[in-house]
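The values are calculated or read from the model by the stated rules, or taken from the named source; none is laboratory data. All values derive from a computational prediction rather than experimental measurement. Heads up, the Cβs are rebuilt from the backbone with ideal geometry, glycines too, and the neighbour counts pull from every protein chain shown. Ligands, DNA and RNA are excluded from the accessible area calculation, which covers all protein heavy atoms including side chains. Shrake-Rupley method; radii C 1.70, N 1.55, O 1.52, S 1.80 Å.
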Amino acid sequence: MEACKPTVTHTRLLSLKVDVDTHDGMRDGVPRLLEIFQQEDVKATFFLSFGPDNAGKAILNIFREKGFLKKMLKTKAPSLYGLRTILSGTLLPARPIATKFPDFVRQIEAEGHECEIHAWDHRYWQDHIEIMSLENIENHFRKAHEAYLDILGHPARAVAAPSWKITEHVIAVEAKMGLVYASDLRGGPPCFLMTDAGVSSPLQIPTTGPCLEELLTQGIKEEAAWVNAIAESAERTPWPVIALHAEVEGGPYAAFLKKLLKTLRNRSFTMVTLGTMAEILKEHSEKSGEPLPVRRLSRTTLPGRAGWVSTSSPLKTEGVP
Ligand SMILES: [Zn+2]
């Protein structure tokens, strides 16, 4: 019985975080990923967008977000996401994402993966998070949770913010949600975030290393180089979490994903869900007597990604004699 849960002492753990951002990603990418994970005997954590697919509104950002057009062209977004997705929520009506495919949502859990909440309206969050009020954020989470509960019959245990963008308002809302963990950040160690108002976040397990879209945007063209960049980064990170997108690795880059999973296995990584990683982190901290760090929310930028992402920094008081 004891052998079934990997421990940090004899194996290197790694989690796969799959974001589902669009209708087509849910319809086509999720089944493809489930098939690959089954073939490779891997369990992952899926974060789903439940509400409308307004991905097409991204086009409006060409005029607002510096570097966006370049990114669209470099990543070949139209072929990655398909024309219907590009038009969704703009010229054509927004289509629902996970709420339209409840059987796939249940299948994710039935096959032993973890299924949690990414967003209600991914695009809206991404574009408005800096001005979203506490009430608006609560409203988004409430709608996503209701849809989740309706489909799966139990509350969600975790969330992961769209585009890794959060504010202190988000922490305040998440703190009241009874979550086991959140995965809202890029880089830095697993930690708790403390707001200026003294509110502590759920355990944060950040995404580490680059994701494929960012490597493509940087102009890296060879599959072997993508696999290497991601695997090398995982090797250097104590608690690696690799981000995948249903639209990307469950779409035109499925062959890359298979190669990546084989490489990670060859390098002795054991892939566990983020929920299992959260449990192991807590156990590890209790046994060693070393509490997980408390840090503050901050922002950073990443190569190959337009705009900012959330990360953590030491508390202001740290390092002061
Ligand atoms: Zn996303």
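Numbers for the structure displayed
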{"quantity": "Criterion violated by residue 192 - all others in (1) at pLDDT 95 or above; (2) open to solvent by less than 50 Å² (accessible area, probe 1.4 Å); (3) under 21 Å from residue 17 (Cβ atoms); (4) more than 15 Å from the ligand (Cβ to nearest atom) satisfied", "calculated": "(2)"}
{"quantity": "Among residues of the stretch 35-61, those that are at pLDDT 90 or above and either farther than 30 Å from residue 284 by Cβ or open to solvent by 10 Å² or more (accessible area, probe 1.4 Å) (or both), counted", "calculated": "8"}
{"quantity": "Test: residue in the stretch 170-185 that is surrounded by fewer than 22 Cβ atoms within 10 Å (Cβ to Cβ) and either under 22 Å from residue 257 (Cβ atoms) or within 14 Å of the chain's Cα centre (by Cα) (or both)", "calculated": "no"}
{"quantity": "Number of positions in the stretch 298-321 that are farther than 17 Å from residue 242 by Cβ and outside any strand (DSSP E or B)", "calculated": "11"}
{"quantity": "Matching entry among 287, 316 (being under 21 Å from residue 199 (Cα atoms) and over 18 Å from the mean Cα position of the chain (by Cα))", "calculated": "316"}
{"quantity": "Scope the stretch 261-297; condition in a helix (DSSP H, G or I), within 17 Å of residue 113 (Cβ to Cβ) and touching a helix residue (DSSP H, G or I) at 6+ places or on another chain (Cβ under 9 Å); matching residues", "calculated": "261, 264"}
{"quantity": "Residue selected from the stretch 273-296 under the condition touching a Ser or Thr at 6+ places or on another chain (Cβ under 6 Å) and of a type in the set (A, V, I, L, M, F, W, C), by the criterion most open to solvent (accessible area, probe 1.4 Å)", "calculated": "292"}
{"quantity": "Matching residues in the stretch 103-143 - criterion: being within 16 Å of the ligand (Cβ to nearest atom), part of a helix (DSSP H, G or I) and touching a Gly at 6+ places or on another chain (Cβ under 7 Å)", "calculated": "123"}
{"quantity": "Number of the exception - residue 225 against (1) of a type outside the set (D, E, K, R); (2) without any contact (Cβ under 8 Å) to a residue 24 or more places away in the chain; (3) under 24 Å from residue 280 (Cβ atoms); (4) surrounded by fewer than 17 Cβ atoms within 10 Å (Cβ to Cβ)", "calculated": "(3)"}
{"quantity": "All positions within the stretch 149-185 that are over 23 Å from residue 240 (Cα atoms) and either within 16 Å of the ligand (Cβ to nearest atom) or part of a loop (DSSP other than H, G, I, E, B) (or both)", "calculated": "153, 154, 155, 167, 170, 176, 177, 178"}
